[in-house]
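Worksheet: the structure to be examined is printed underneath.
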Amino acid sequence: MSTKNIMIVGVGGQGSLLASKLLGQLLLKNGYDVKVSEVHGMSQRGGSVVTYVRYGDKVYSPIIDKGEADVIVSFELLEAARYMEYLKPEGRIVTNTQTIDPMPVITGAASYPENLVEKMQSAGAQVDAMDCLSLAVEAGSPKAVNMVLMGRLSKYFEFTDAQWEEAMQAVVPAKFLEMNKKAFALGKQQ
Amino acid sequence: MKQLMLGNKAVARGLYEAGVCFVSSYPGTPSTEITEEAVKYDDIYCEWAPNEKVAMESAFGASLAGKRSFCAQKHVGLNVAADPLYTMSYTGVNAGMVIGVADDAGMHSSQNEQDSRHHAIAAKVPMLEPSDSAEALEYTKIAYEISEEFDTPVLLKMCTRVAHSQSVTETGNRVEHDKPYEKTISKYVMTPANAKKRHPFVEERTKKLIAYAEKSPLNRIEKGSRPIGVITSSTSYQYVKEVFGDDIYVLKLGMVNPLPDQLIRDFAAMVEKLYVVEELDPIFENHIKALGISVIGKDALPMIDEFSQNLVAEALGEKAPEGLAFNEEIPVRPPIMCSGCPHRGLFYTLKKLGCTVLGDIGCYTLGAAPPLGAMEMTLCMGASIGATHGFNKMRGAESEHKTVAVIGDSTFMHSGMTGLANVAYNQTNSTVIILDNSITGMTGHQQNPTTGYNIKGDPAGKINLEALVRAMGFERVSVIDPYNLTQCEETIKQELAADAPSIIISRRPCALLKYVKHNPPLSVDINKCIGCKSCMRIGCPSISMKTTAGKTHASVDATQCVGCGVCTGLCPVGAFSGVDAKGGENK
């Protein structure tokens with residue numbers, strides 16, 4: 001199998017680390033070679049963050065380059081648009097519709113682009129957009145946005161719910177497991 | 001057991017398996033997690049040292065004592081520790097000693113893009129360079145064998161993409177190592193007479209290391225079907241394989257100093273066209289060209305920034321994929337000071353007072369970014385104080401009354417103290433502000449000598465900053481709370497006006513520390529808010545302007561706001577409600 005590429009993008013502090021951990025666990029358990037790459041340090045602080053998850057028979061590069069991503073999972077709408085050039089022409093964007101103003105917007109030096117979902121679609125991307133924050137709150141915590149997104153992502157994967165659940169058990173603390181499972185289910189069925 | 005492991009964690013696992021007993025480091029992205037992971041093994045003593053030089057000297061002492069030792073730092077940290085490194089090359093080691101150094105091509109979190117291989121060449125010590133986590137673990141163990149066999153410290157070079165990527169790794173068991181300590185003055189006392197005898201040993205050792213490099217499995221040839229050859233290492237190797245798979249010939253170098261001349265010659269003879277793919281400086285390339293071999297390197301590939309598979313593909317004449325284009329400018333999202341960051345109020349005040357601010361390395365370097373824009377120089381760890389002293393010496397009293405040095409608690413302990421000694425000794429009326437947020441913040445919350453806790457979070461020695469600077473002879477020492485804008489402004493004005501050097505300690509723990517209790521989020525009374533945007537001047541990510549029923553007003557994001565109350569001090573009409581910085585009801 002040739003290498004598949006999933007990019008997880010968002011704003012530092014939104015919880016993408018748990019999402020990549022879950023994916024890494026799931027893919028490794030199911031026999032793939034896996035590489036997960038993230039950047040720590042300065043960019044954690046409210047900046048744009050990106051995590052690369054790659055899997056296949058044999059994975060070399062730890063990063064995903066422009067035009068290579070099969071799926072972009074985005075925690076924030078503007079970040080989905082920012083990384084769209086990394087998407088394959090037939091690739092898919094799974095995104096939270098939540099918006100977080102970056103500093104140039106806060107200071108008034110720039111404005112937050114409008115109608116981003118429509119613009120991404122007209123640029124050729126398949127976009128699956130949903131309000132993950134509300135679903136996360138419904139599941140029990142605004143921090144569960146990552147599991148809502150993973151639930152949504154699971155619709156486009158061959159893995160069974162049992163396989164996802166097994167991976168979840170390995171990476172989520174026991175006391176939060178039920179809440180995360182609920183968030184995952186809400187993301188999937190919505 | 002197969003597991004997905006971060007490159008830095010794999011190094012830590014390698015330390016464990018190699019029987020390492022001692023690790024001393026100073027945190028620095030992207031090297032920090034090596035030490036943070038090593039401390040999880042009870043068999044390894046770990047510590048955060050005040051700086052890289054002290055860390056390396058401590059690790060040297062442990063090696064001398066007969067225990068395998070390690071220290072880690074980022075590329076620029078190795079500059080700080082270069083002094084012991086270059087002479088340890090002469091003394092050699094007792095038990096094995098390995099030095100981890102993590103480069104940051106692309107400058108994800110660094111002030112320069114220097115190539116650490118220069119240090120290996122200049123110090124004449126071997127350097128290994130893994131290309132993924134499995135190699136990071138394996139090479140760490142091999143580095144200790146080389147260290148003891150050849151009597152040398154060994155550099156283990158990581159880079160951001162190897163340090164911060166997870167790949168599949170298999171672990172093994174720990175093997176203990178122990179050596180006696182024997183007094184050997186001629187080996188360990190580097191007076192000129194002894195060092196003169198050690199230098200020939202170093203040159204002889206390099207010859208032996210070259211012979212080792214020629215045969216070592218660390219350097220391997222992978223044959224291909226097309227007559228194109230690439231000499232490469234580290235993450236560049238992964239990009240080359242990503243593009244070409246097994247189609248072309250690859251000489252993968254795991255030992256990047258010294259280089260195997262004969263192996264390179266043999267490899268070059270196998271192919272018709274030879275490339276070198278190396279990030280940053282043309283070190284392999286220049287070496288290969290000096291052997292009289294024709295090779296394409298920096299003519300095709302950049303010396304700047306990190307590489308990627310598309311970059312390598314295009315440089316080597318292959319087609320790179322094209323992605324979808326989003327045809328609209330997207331506002332940048334740079335890193336910012338967090339909600340409730342104690343640095344915010346201080347930088348707001350410095351900007352308001354029109355101070356010349358010479359800065360340092362830490363989260364507070366973000367004070368240079370809009371909308372605060374209140375820092376005018378950042379060079380290296382500790383430079384703020386030295387530079388302020390020199391600046392004031394040349395510009396005199398006028399400058400002394402408006403210039404401040406700002407430096408964090410950890411950076412001050414790292415190398416600010418010596419700069420301050422210069423202020424005390426050679427006397428300028430400099431004002432130095434120590435931003436004491438009670439943690440090493442930017443690298444992700446490491447303890448330091450001022451916090452009172454060690455790397456495990458257990459109580460430890462605690463250096464009292466006020467007592468320290470008083471002991472150095474500074475009489476004007478004040479402590480302020482950066483959430484209290486009035487106090488900030490009054491104190492800074494007063495200390496700048498004084499005809500004496502001053503130390504201001506701006507003390508408030510990092511808002512992200514777990515023990516810090518936050519106030520409830522503030523809210524804006526839309527009827528009171530006049531939309532003047534005064535509160536926007538502090539660049540708080542929790543505050544934005546919104547429009548409700550045609551009226552533009554400030555709005556607080558309750559999910560982000562930690563109720564620090566700095567904004568309440570800026571509002572002319574008292575539109576913010578909630579708890580103010582002093583813990584009292586605001587109105």
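The values are calculated or read from the model by the stated rules, or taken from the named source; none is laboratory data. Remember, it's a predicted structure, so these values are computed and weren't measured experimentally. Reconstructed Cβ throughout: ideal geometry from the backbone, glycine too, with neighbour counts over all protein chains shown.
The figures follow:
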| read-out | value |
| --- | --- |
| Helices (runs of 4 or more DSSP H) lying entirely in the stretch B:2-108 (those with 1 or more residues that are out of contact with any Phe, Trp or Tyr (no Cβ under 7 Å at 6 or more places or on another chain) and within 14 Å of chain A (Cβ to nearest Cβ)) | B:7-17, B:32-38, B:75-80 |
| Single match in B:208, B:241 (criterion: touching a residue at least 12 places away in the same chain (Cβ under 8 Å) and either surrounded by fewer than 21 Cβ atoms within 10 Å (Cβ to Cβ) or within 13 Å of another protein chain (Cβ to nearest Cβ) (or both)) | B:208 |
| Residues of the stretch A:61-87 that turn out to be in a loop (DSSP other than H, G, I, E, B) and either out of contact with any Gly (no Cβ under 6 Å at 6 or more places or on another chain) or at the interface with chain B (Cβ under 7 Å from one of its Cβ atoms) (or both), as a count | 9 |
| Of all residues making up the stretch B:302-349, the number that are charged (D, E, K, R) and within 18 Å of residue B:228 (Cβ to Cβ) | 3 |
| Spans of helices (runs of 4 or more DSSP H) in the stretch A:88-174 with at least 3 residues more than 11 Å from every other protein chain (Cβ to nearest Cβ) | A:132-139, A:145-154, A:161-171 |
| Hey, residue A:64 at pLDDT 95 or above, hydrophobic (A, V, I, L, M, F, W, C) and farther than 28 Å from residue B:542 by Cβ or not | yes |
| The one condition in (1) within 9 Å of another protein chain (Cβ to nearest Cβ); (2) in a loop (DSSP other than H, G, I, E, B); (3) closer than 16 Å to residue B:243 by Cβ that residue B:307 fails to fulfil | (1) |
| Boolean, residue B:372 is within 13 Å of chain A (Cβ to nearest Cβ) and over 25 Å from residue A:50 (Cα atoms) | yes |
| Residues that are surrounded by fewer than 24 Cβ atoms within 10 Å (Cβ to Cβ) and either polar (S, T, N, Q) or touching a helix residue (DSSP H, G or I) at 6+ places or on another chain (Cβ under 6 Å) (or both), drawn from the stretch B:1-12 | B:3, B:4, B:9 |
| Check on residue B:404, modelled with pLDDT of 95 or more and either within 14 Å of another protein chain (Cβ to nearest Cβ) or closer than 29 Å to residue B:542 by Cβ (or both) | yes |
| Residue under evaluation residue B:507, criteria (1) crowded, with 22+ Cβ neighbours inside 10 Å; (2) modelled with pLDDT of 95 or more; (3) of a type outside the set (Val, Ile, Thr), criterion not met | (1) |
| From the options B:413, B:394, residue that is under 21 Å from residue B:54 (Cα atoms) and either crowded, with 22+ Cβ neighbours inside 10 Å or not charged (D, E, K, R) (or both) | B:413 |
| Test: residue in the stretch A:32-44 that is more than 7 Å from chain B (Cβ to nearest Cβ) and in a strand (DSSP E or B) | no |
| Residue list for the stretch B:263-278, restricted to those being surrounded by 14 or more Cβ atoms within 10 Å (Cβ to Cβ) and not basic (Lys, Arg) | B:263, B:264, B:267, B:268, B:270, B:271, B:274, B:275, B:276, B:277, B:278 |
| Residue ranges of strands (runs of 3 or more DSSP E) in the stretch B:468-587 with at least 1 members free of Cβ contacts under 8 Å to residues at least 12 places away in the same chain and under 26 Å from residue A:107 (Cα atoms) | B:543-548 |
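Per-residue answers, yes or no, for (1) more than 8 Å from chain A (Cβ to nearest Cβ); (2) assigned to a helix (DSSP H, G or I); (3) not acidic (Asp, Glu):
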site	(1), (2), (3)
B:294	yes, no, yes
B:313	yes, yes, yes
B:331	no, no, yes
B:335	no, no, yes
B:344	yes, yes, yes
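Residue-by-condition table, conditions (1) outside the structural domain of residue B:204 (by TED's automatic domain parsing); (2) under 17 Å from residue B:220 (Cβ atoms); (3) surrounded by fewer than 23 Cβ atoms within 10 Å (Cβ to Cβ):
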residue: B:132; (1), (2), (3): no, yes, no
residue: B:140; (1), (2), (3): no, no, no
residue: B:156; (1), (2), (3): no, no, no
residue: B:174; (1), (2), (3): no, no, yes
residue: B:184; (1), (2), (3): no, no, yes
